[in-house]
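The values are calculated or read from the model by the stated rules, or taken from the named source; none is laboratory data. Since we're looking at a predicted model, the values are computed, not measured. Cβ placement follows ideal geometry from the backbone for every residue including glycine, while neighbour counts extend to all protein chains displayed. Please note that ligands, DNA and RNA were not included when accessible areas were found on the heavy atoms of the full protein model with its side chains. Shrake-Rupley method; radii C 1.70, N 1.55, O 1.52, S 1.80 Å.
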Amino acid sequence: MSDARQAAAAASGPLGGTDAGARPVVVVLEPIHPSGIEVLERSCEVRQLANPQDPARGEALATADALVVRSTKVGAELMDLGPNLRVIGRHGAGTDNIDLAAAEARGIRVVNTPRSNTDSVAEYVITVALMLLKRIPEVEQRLRSGAFSPEHGSLPGQVSRGGLSGREAAGTRLGLVGAGAIGRAVAVRAQALGMKVSAFDAFMDAETIAGFGITPVAELDDLLASADIVSLHIPGGGENTALLNAERIARMQPGSVLINAARGDLVEAHALSDALTSGHLAGAAVDVFDPEPPAVDHVLFSAPNLVLTPHAAAMTHEALERMAQDVAANVVEALGR
């Protein structure tokens, strides 16, 4: 803990920037659902800023006990604007936008909302999986281009003449990389459609995976080689960076599809683009990029048979409300209120 932080803590008592009997100050750096603000206001003084670059940011953080963020990167420099900070609340499942080492060094507890968006992300995965099985991106593009117009001699119901017939979900093999909460929620929905679900999880034993009604696979490469659809549900960074590189993508079934609604750095973008262009993969859905937001000339933007979304899998009304309420409740608990 820095000298400035130690001095501030000694001067302000157990609640950081407030007297022992006063309400702790929480700075909300980005807009969250009003229901989350209501939870905070029951026991805290809340200072809502317009955006992360709000001119009032420094003044607001100077006496703050807690900080709530969504996608803003929180490093040592931002933490040091709040010498009394004791809690950082992340409105979302991951904490990769927060420098956890810097937070630990300053005695700041980090809390997040790992279960709030489970259903929304699981529904997204099933949605794009069905879109890819039915080859909707391809069919739509061909339709818009006039390939099925009377001038080309096409008749209703003759999409298959263009080599664009889709597949049914029933019997399709879905391979999950990660069998955590979201992966399991995807499995439940996929099984209801008749899919055969298997999973590789480096941190979960086979018996536990099987207990969820999912077939465990011991090696990632075996999962990739046996699945018609591969969906990623693991954290990014560290050893997982570029987990699906050109070599691993080549091991996937010809004509299979890839879904990444986890973290952008899990997949090598150029390798994915090449696999789509060559036809080795029939399609892919990508909701996450590295870095974010992606540049307008990102390599995937010119690749075929892609469903692309701007990190929006969790962006439903219900999930946003749950995330706001959960991060607020976790911050209040961490502050001891």
Can you tell which of ARG161, ARG184 is over 27 Å from the mean Cα position of the chain (by Cα), of a type in the set (Lys, Arg) and either at pLDDT 95 or above or open to solvent by 30 Å² or more (accessible area, probe 1.4 Å) (or both)? ARG161
Looking only at region 214-238, count how many residues are at pLDDT 95 or above and either part of a loop (DSSP other than H, G, I, E, B) or under 18 Å from the mean Cα position of the chain (by Cα) (or both). 11
Residues of region 185-213 satisfying the condition of being farther than 25 Å from ARG135 by Cα, part of a helix (DSSP H, G or I) and not β-branched (Val, Ile, Thr): ALA206, GLU207, ALA210, GLY211
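Which count do you get for residues in region 242-254 that are open to solvent by 40 Å² or more (accessible area, probe 1.4 Å) and not basic (Lys, Arg)?
Summing the residues that are open to solvent by 40 Å² or more (accessible area, probe 1.4 Å) and not basic (Lys, Arg) in region 242-254 gives 6.
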Please work out which one of (1) open to solvent by 10 Å² or more (accessible area, probe 1.4 Å); (2) touching a residue at least 40 places away in the same chain (Cβ under 8 Å); (3) more than 16 Å from VAL186 (Cβ to Cβ) is the condition ALA261 fails and give its number. (3)
Regarding VAL286, is this residue touching a residue at least 40 places away in the same chain (Cβ under 8 Å), surrounded by 16 or more Cβ atoms within 10 Å (Cβ to Cβ) and either β-branched (Val, Ile, Thr) or within 27 Å of GLY238 (Cα to Cα) (or both)? no
Residue identified as under 21 Å from TYR124 (Cα atoms), free of Cβ contacts under 8 Å to residues at least 12 places away in the same chain and not hydrophobic (A, V, I, L, M, F, W, C) among HIS317, HIS311: HIS317
Among SER35, SER43, which is of a type in the set (Gly, Ala, Ser), under 28 Å from ASN117 (Cα atoms), within 27 Å of the chain's Cα centre (by Cα) and modelled with pLDDT of 95 or more? SER35
For region 217-241, which positions are among the aliphatic types (A, V, I, L, M), over 19 Å from THR95 (Cα atoms) and open to solvent by less than 40 Å² (accessible area, probe 1.4 Å)? VAL217, LEU220, LEU223, LEU224, ALA227, ILE229, VAL230
Kindly provide the set of residues from region 75-124 that are assigned to a loop (DSSP other than H, G, I, E, B), of a type in the set (Val, Ile, Thr) and at pLDDT 95 or above, ordered by number. ILE108, THR113
Output the qualifying pairs, or none if there are none: Cβ atoms under 8 angstrom, residues six or more apart or on different chains, first residue in region 138-163 and on the phi < 0 side of the Ramachandran plot and of a type in the set (A, V, I, L, M, F, W, C), second residue exposed (fewer than 11 other Cβ atoms within 10 Å of the Cβ) and modelled with pLDDT under 80. PHE148/GLN158
